[in-house]
Amino acid sequence: MGLQTLLTGCATITKDANQAVRVETYSKNNVAVTGVKCVGKNERGEFTADSSGVMRPHRSGENLLVSCSKDGEETGIGTLISRANGGMFGNILFGGGIGAIIDHNKGTAYSYPDWVRVIMGDNLVYDRKNNKDNEIMLGQTASPEELKKIAAVKDAEEKAAIEKAAQEKAAAEAKNTP
């Protein structure tokens, strides 16, 4: 195994199956709401956190639906859009498609926004592509039609990136063939 293979690795090696997602809860008046229980769900399970806490959902290509509730408060809903992370494309370039397929199936090839502010009484969307390290993400209002558009764009971007990585791999292999 070469040094390059060790350094690039696959998402299974470089990413945990679960991801820390910090969830803060606020009122529509921008006041922190404490004592809130938040539950995140995707096809891999159900994950919980208290307000201003961290939930550890299993990574997935599917979005994470977060519902935050407290007696006497309106429920806050957040849809966290999952995006493919660099490990998936590194697999295609350096490890072949098999590693990318494994990481896709295990969910380790994807990440959610890592810090979100759920507004009690609102239903907001948090897209990983807008994530900035160590910065809280404020959600956007999105209708079911807008969520479908986001999903279509996400799928098209992922497909284009996979095709580009495969082309770059083929070009690199052609260069190294005598």
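Quick notes on this one:
- Spin-label model, GLU157 to LYS41: label points 7 Å out along the Cα-to-beta-carbon direction sit 2.6 nm apart.
- Applying 1/(1 + (r/R0)^6) with R0 = 41 Å to the Cβ-Cβ distance of VAL31 and GLU146 gives a FRET efficiency near 0.90.
- Cross-link table LYS129/LYS154; LYS132/LYS169; LYS28/LYS70; LYS129/LYS159, entries beyond 19 Å C-alpha to C-alpha: LYS132/LYS169
None of the figures in this text is laboratory data; all of them are computed from the coordinates on show. Predicted, not measured: the structure shown is a model, and the values here were computed from it. Please note: Cβ atoms are built from the backbone with ideal geometry, for glycine as well, and neighbour counts cover all protein chains shown.
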